[in-house]
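The values are calculated or read from the model by the stated rules, or taken from the named source; none is laboratory data. Please read these numbers as outputs of a predicted model, since none were measured by experiment. Heads up, the Cβs are rebuilt from the backbone with ideal geometry, glycines too, and the neighbour counts pull from every protein chain shown. Areas reflect the complete protein model, heavy atoms only, side chains present, ligands, DNA and RNA absent. Shrake-Rupley method; radii C 1.70, N 1.55, O 1.52, S 1.80 Å.
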Amino acid sequence: MINISKLYCGLAGRSDDLRYGPSAARAPVAVYNCVAACNLRCVHCYSSSDAGRRYPLLNTDQSKKLLAQLADADCPVVLFSGGEPLLRPDLFELLVEAKRIGLRTVISTNGTLIDLATARKLAELDLAYVGISIDGPEDFHDRFRQSDGCFKAALAGFQNCRDAGLRTGLRFTITKQNAPHVPAVFDVAAEAGIRRLCWYHLVRSGRASDMAGLTVTSEQTRQVLDVILDRTDEFVKRDLVDEVLTVGNHADGPYLLLRMQKENRPGLDEARRLLLARGGNKVGEKIASVGWDGSVYADQFWRNYCLGNITDRPFKKIWADTSNPVLARLRDKSTFADPRCLKCRFFDLCRGNYRFLGSNPADDNWLNEPPCYLADEEIGIT
């Protein structure tokens, strides 16, 4: 995550200790995709499960054992995702268990199932955060998620969470179709009183394949980043936000520094220092994912290569197994990275978006995904 509001505007963030402080050296944040089922069918979903199809699922006891394994691995946060996590019948039982063993929990949801009673139950279980996805203004959001009324239901979910005292935030995945709607979504957040905004770059996984026509161009990405920077600056000055972040493309860090330098903006040196402290892309290091069947992945968007299954080996052993060629490469990016990245003057604070999209981790299949959108002259390549 790139904390735009902190780096560009100097606004302290609530989770800064996880990104820049001593706890940044801890084990990975774990995303638990706890269920495949969903009540929507979003065009860009990375899970890409088929409606009505049954998927193997860790049962309640197995899921509790997973939570114990994550606690044993010292994971600082467990994010329950899906599918739609609120469709899992034993979700609250799992949250009770997570609370009992001291795991900090958050949820990523479409928000449509959060009535006030559900929000209050989540608050009672000390849920730290609820992230709700919005893809654009109402008409676009409902079309994109293929469900009439889901925009209003999501906003009701936000309100119910706030009424229950839960910390909430908006999640937006940037696609070719909704990139022009970024300003409108800032306005939606301001009107609804949503003070945390996370802007995700699209990873071509699940339904968001090359054939889906969702991928933004480099120029579109730059335009979106400029809008995010401009609106964040405005919202910070108007006290409308607590945090604005971008996720999934670490070229955002260098882009932010280049813009700050061009503007002669105060805080450039501190922003560079914090980005270096963060260390860029931590896929396979400080972010992990566990699928609904117990399969472990390098992150939640990377379903094409399984590192192991927690029903066969504990998570801690899977995550520590650097004999795995993919983990070994991800943890040695100074040797194994895109050749263009290794020549980049910003490599130490970015480290690229290194992954492969198929099932085969052969050398030729690794690439930057999402791609870098910076020009050669910007990154010091002639």
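If you take the residues of the stretch 344-382 that are part of a loop (DSSP other than H, G, I, E, B) and among the hydroxyl-bearing types (Ser, Thr, Tyr), which of them is surrounded by the fewest Cβ atoms within 10 Å (Cβ to Cβ)?
Residue satisfying both the conditions and the ranking: Thr382.
Just the residues that are over 18 Å from Pro361 (Cα atoms), in a loop (DSSP other than H, G, I, E, B) and open to solvent by 40 Å² or more (accessible area, probe 1.4 Å), please, taken from the stretch 283-325.
Those that are over 18 Å from Pro361 (Cα atoms), in a loop (DSSP other than H, G, I, E, B) and open to solvent by 40 Å² or more (accessible area, probe 1.4 Å): Lys286, Asp293, Thr311, Asp312, Arg313, Pro314.
Give me the pairs, please: first residue somewhere in the stretch 333-345 and modelled with pLDDT under 95, second residue anywhere and among the hydroxyl-bearing types (Ser, Thr, Tyr) and surrounded by 15 or more Cβ atoms within 10 Å (Cβ to Cβ), beta-carbon distance under 9 Å, and either six or more positions apart or on two chains.
Lys333/Tyr354; Phe336/Tyr354; Ala337/Tyr354; Asp338/Tyr354
Step by step: first the residues of the stretch 178-219, then only those that are open to solvent by 50 Å² or more (accessible area, probe 1.4 Å) and closer than 24 Å to Ala375 by Cα, then the one that is farthest from the chain's Cα centre (by Cα). Which residue is that?
Glu219
Can you pull out every residue in the stretch 175-195 that is assigned to a helix (DSSP H, G or I) and within 14 Å of Phe140 (Cα to Cα)?
The first filter runs over the stretch 175-195 and keeps only residues assigned to a helix (DSSP H, G or I), leaving 179-192.
The answer is Ala179, Pro180, His181, Val182, Pro183, Ala184, Val185, Val188.
So that you can scan it fast, the table gives a plain yes or no per residue for (1) β-branched (Val, Ile, Thr); (2) modelled with pLDDT of 95 or more; (3) in contact with a Lys or Arg (Cβ under 8 Å, 6 or more places away or on another chain); (4) open to solvent by less than 50 Å² (accessible area, probe 1.4 Å):
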residue	(1), (2), (3), (4)
Ser5	no, yes, no, yes
Arg19	no, no, yes, yes
Asn33	no, yes, no, yes
Cys45	no, no, yes, yes
Ser49	no, no, no, yes
Lys65	no, yes, no, no
Gln69	no, yes, yes, yes
Val96	yes, yes, no, no
Lys99	no, yes, no, no
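Show the residue pairs that are 6+ apart or on different chains and have beta-carbon atoms under 9 Å apart, the first residue being within the stretch 146-162 and over 13 Å from Asp115 (Cβ atoms), the second being surrounded by fewer than 17 Cβ atoms within 10 Å (Cβ to Cβ) and among the basic types (Lys, Arg).
Gln146/Arg41; Ser147/Arg41
In the stretch 113-138, how many residues are under 23 Å from Glu243 (Cα atoms) and open to solvent by 10 Å² or more (accessible area, probe 1.4 Å)?
The qualifying residues number 7.
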